[in-house]
Amino acid sequence: MHRFRSSLALVLAAFSLTALAADGTVTGSLTANGKTFALKHAYAQMRKSPFDKKKQVLQLTFTDQELSPAAASDDIELMQAQDKQALSGFTATIDDDKQIISGTVFSPAFKKMKQFSSVGTQTLDLKAMTATHVAGTVKMPKMDDFFDEKFQYSATFDLPVSKPAGPPPPPVLKGTPLPAGGGEPGKAYAAYLKLLAGGDMKAFLGGVTAARAKEASSDPDFKKLFPLIQAMQPKSVKVTGGAVDGNNATLLATGKDGDQTSNGKITMVKEGGAWKVEKEEWKTQSE
């Protein structure tokens, strides 16, 4: 399961350069723990407000590397790209009052957490903001820190605004199709969810792969994080199908994240004759 942590703040630089960004331009930089990254790519997209699904907000994303269309339009895909590409950058979400209401900062230069939320320390100077075009500057006036992570950022941009992305196509699964409920892998996943909800950490670790259990057991903060893992798990989960290929299986599922619908992809592995959870990926879309 992929989710986020939280905080306040971000980053600037000793140098910056102007580059094409989704047919627009951006000049920006991020300084994280003394290391500066030129932000050469930027993206602007209208999305549903996380606080009022009847409204829309504008999300700006600034990065040091180019993003795939999926990563530029989906928070979970962006998180995965941060891991795969070792991205540095920040996001800023602007409401219809032209105020920044949320944001994140991310970089491999951070030591304790690679991403955290940041809002309240930056300033926004908009030159234009329409349904198709946005231009201006977002910056932090001075260096800030969050749990000893020091950062500051700045970006001047002129960008086209893209429309909200539609739902992604269903994944192509390898192997023999599984029915609703997921067959034997689905039964094992349902048992895992009961263990997670029940709060027995030892039993919970017995429901995941050996590698995942070893990683969690060796983490001194796992006991503290376990309630957070429980809280972030979607509710009313239903396995809608999937596929099995030898000792590997993929389950597709739906669940509820508050009043929103989440779509899940669960990777299962058979170890010692029993199906174990290797990985969960959940994406939430506003209804």
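Observations on the structure shown:
- Residue within the stretch 257-267 that is within 14 Å of GLU184 (Cα to Cα) and either exposed (fewer than 15 other Cβ atoms within 10 Å of the Cβ) or in contact with an Asp or Glu (Cβ under 9 Å, 6 or more places away or on another chain) (or both) present: yes
- Residues (surrounded by 19 or more Cβ atoms within 10 Å (Cβ to Cβ) and either under 15 Å from MET46 (Cβ atoms) or touching an Asp or Glu at 6+ places or on another chain (Cβ under 8 Å) (or both)) located in the stretch 89-105: GLY89, THR91, ALA92, THR93, ILE94
- Looking at the stretch 53-147, the strands (runs of 3 or more DSSP E) lying wholly inside it that each contain 1 or more residues that are without any contact (Cβ under 8 Å) to a residue 40 or more places away in the chain and touching a helix residue (DSSP H, G or I) at 6+ places or on another chain (Cβ under 6 Å) sit at 100-106.
- Among the residues making up the stretch 212-229, those that are surrounded by fewer than 17 Cβ atoms within 10 Å (Cβ to Cβ) and either in contact with a strand residue (DSSP E or B) (Cβ under 8 Å, 6 or more places away or on another chain) or closer than 13 Å to GLU280 by Cα (or both) are ARG212, ILE229.
Throughout, read-outs are computed from the coordinates displayed, never taken from laboratory work. No experiment lies behind these values; they were computed from the predicted model shown. Ideal geometry is used to build each Cβ from the backbone, glycine not excepted, and the neighbour counts take in all protein chains shown.
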